[in-house]
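First comes the structure, then the notes that go with it.
All of the numbers you see were taken from the coordinates with simple rules; none came from a lab. Just so we're clear, the structure is a prediction, and the values are computed from it rather than from any experiment. Ideal geometry is used to build each Cβ from the backbone, glycine not excepted, and the neighbour counts take in all protein chains shown.
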Amino acid sequence: MNPDEAARIQPPVIAVVGPTGSGKSDLGVRLALELDGEVINADAMQFYRGMDIGTAKVTLAERRGVPHHLLDMMDVTEEASVSDFQSECRAVIEEIHSRGKRAIMVGGSGLYVRAALDVLEFPGTDPVLRKRLEEACATVGLGVLRERLHSVDPESAARVADARRVIRALEVFELTGRPFSSYMPKREYFQPAVQIGLDVDRTQLKERLAERVHRMVDAGLLEEVRRLDEQGLRKGKTASRALGYAQFLKVLDGDIGVAQAAEETIVATRQFARRQLTWFRADPRIHWLDWQDPELVEKAAALC
């Protein structure tokens, strides 16, 4: 079967996107019930077992019997990988479609969503080469490495500034012989897809996010962070930076109180929501629907 024939047979993947706190999880479940579908998590922090309260992970009751995939699949000490997610998510999509169900991806981690939906390659890594470049940066300075990058990949040199990204771009070039910029994603779907974005009232969202953080605190966020700290949360490069968890680790250290941690989490969450909106607004393929429209489910289902 050629790709065109496969595209005609397979229904489009559905992706529900938008800022944190906009109701993506609820819409995903309701669409799954409407369309006989199953949900695939695309929120990087919800990959982690035990990170429930602080990530607003959907509870069993909230799932309403709808199967959810790629939740609770990692320990907090493990590092999330976009390339691993790409292969795992595409395999789940294929498996769901093979059973005649609809695959509904839900999440606000923009790069993860694009990795699953779009034609996107991930060049490999080489720890030995990476270490050599890091040592060179420490010895001769970042400026020399930037000049080297400019000579082989001027487009990346103009886009990256910090040492980590300069080193990564040089690593990719030395490994593959291709400039790092050649791996930048294009807005081209890997397979048929429909993206539905939740269009929010920003003032209302700010208030909603503050209320949600306070509910998390009341529900035991500090105790959850304490338990995960005992399981090695600080060792995890991804999990330890999660909104709320980074702030409440400081409470455990005695640096700040619960009230200040909550306020810092609110500020950080609002900033994150703005970045998410900027990311998703840049994609012209997304169909935006009012998050509070009483006919939201019906309108979303009509697009699918």
Taking θ as phi - 60°, what are the ³J(HN,Hα) couplings along the range 248-265 by the Karplus curve (6.51, -1.76, 1.60), each to the nearest whole Hz, with x for Gly and Pro? 7, 5, 5, 5, 4, 7, x, 7, 9, x, 4, 4, 5, 4, 5, 5, 5, 5
The distance between the Cα centres of the range 40-96 and the range 184-263, in whole Å, is 15 Å
Surpassing 28 Å at the alpha-carbon level, of the pairs K24/K237; K57/K131; K186/K235, are K57/K131; K186/K235
Long-range amide H partners of V194, meaning residues 5 or more apart or on another chain whose placed amide H is closer than 5 Å, are V13, I14, A15
In what order do H214, H97 fall by count of nearby beta-carbon atoms within 10 Å, going from fewest to most? H214, H97
Would the chain count as rounded, prolate or oblate if I go by the C-alpha gyration tensor, calling it rounded below 1.5 in a/c and otherwise prolate when a/b exceeds b/c, oblate otherwise? oblate
In deg cm²/dmol and to the nearest 500, what is the mean residue ellipticity at 222 nm of the chain if only DSSP H runs of at least 4 residues count, each as -39500 (n - 2.57), divided by the residue total? -16000 deg cm²/dmol
Can you list which of the trypsin sites (Lys or Arg not before Pro) found in the range 50-148 are DSSP loop residues with at most 16 other C-beta atoms within 10 Å? R64, R99, K101
How high is the relative contact order of the chain, in percent, with contacts defined as C-alpha pairs under 8 Å that are six or more residues apart? 28 percent
In nm, to one decimal, how far is the modelled label at T203 from the one at V82, with both set 7 Å along Cα→Cβ? 3.6 nm
Under 14 Å Cα-Cα from K299, which aspartates and glutamates qualify once same-chain neighbours fewer than 8 residues away are excluded? E34, D199, D290
Give the shape of the range 127-183 as rounded, prolate or oblate, defined through the alpha-carbon gyration tensor: a ≥ b ≥ c are the square roots of its eigenvalues, a/c under 1.5 means rounded, and otherwise the shape is prolate if a/b is larger than b/c and oblate if not. oblate
Using a 7 Å offset from the Cα along the Cα-to-Cβ direction at both K101 and Y189, what is the distance between the two label points in nm, to one decimal? 2.1 nm
